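Visitor: Sending over a structure as C-alpha cells; questions will come in a sec.
The values are calculated or read from the model by the stated rules, or taken from the named source; none is laboratory data. Predicted model only: the values in this text are computed from it and were never measured. Quick reminder, even Gly has a Cβ in these numbers, built from the backbone with ideal geometry, and neighbours come from all protein chains shown.
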Amino acid sequence: MTRPITTLRRPAGHAVNRRIVGTPAEVAAAVATLRDADRLLSMSIPRQMPGTDPRVWVTVRFIDRPRPARTVYARSRRRAVTVAAVAVPATVAVAVAGWVAVQLVTALIALLPVLAGGLFVLAVIALLLRRSGVCCPGLHCPGCKH
C-alpha cells in the first residue's frame, strides 16, 4: 500500500518574529493587517505592559515579503514623464499658433486702409479707361475728343 506524499507549502519570503507594542486597538489593527495580507503565521497571547502602562504587546511571526511600492512609484513616475512629454509640446504649439493668428489679424487691420485705398484707385482707373462707346477706347480718345 502506498501513502500519498504530503508536502508543506513553503511561503514566499522568509519568516520574521517581531514584537508589536501599542494600545489594544493599535495592536489589533497591526495583526488584522498582517492577517488580511495573508502574511500572519502565528501570534502570542496579548500581554499587558508592566506597571500602570495601558499598552499591550504581542509577538507575531509573519512572512516578510519585499514591498512592490518601488515598482509602482517607477510606473507612476514614468507615466508622469510621458504625460509631460506630450502635454508641454502640445501647449507650446497651441500658444505659438495663437500668437501667429494674433499677428496676422493685427497686420491685416494695419493694412486695411492701404488695401481699401488701392482698391479705390484701381476702381477710378478702371472707370477712366473703360470704353464709353463704339469707337471710343477711353480717356483722351482722338475720335470723340473726350
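Visitor: Sort out which residues of the range 31-44 are under 12 Å from residue 59 (Cβ atoms) and under 38 Å from the mean Cα position of the chain (by Cα), and write them in order of number.
Guide: Across the range 31-44, the qualifying residue is only 31.
Visitor: For residue 139, indicate whether it is farther than 30 Å from residue 17 by Cβ and at pLDDT 65 or above.
Guide: When the stated conditions are applied, residue 139 does not pass them.
Visitor: Another question, then. Being touching a strand residue (DSSP E or B) at 6+ places or on another chain (Cβ under 7 Å), surrounded by 10 or more Cβ atoms within 10 Å (Cβ to Cβ), at pLDDT below 90 and not in a loop (DSSP other than H, G, I, E, B): is that true of residue 63 here?
Guide: Considered against the rule, which asks whether it is touching a strand residue (DSSP E or B) at 6+ places or on another chain (Cβ under 7 Å), surrounded by 10 or more Cβ atoms within 10 Å (Cβ to Cβ), at pLDDT below 90 and not in a loop (DSSP other than H, G, I, E, B), residue 63 comes out as yes.
Visitor: Can you tell which of 30, 25 is of a type in the set (Gly, Ala, Ser) and within 19 Å of residue 64 (Cα to Cα)?
Guide: On inspection, the qualifying residue turns out to be 30.
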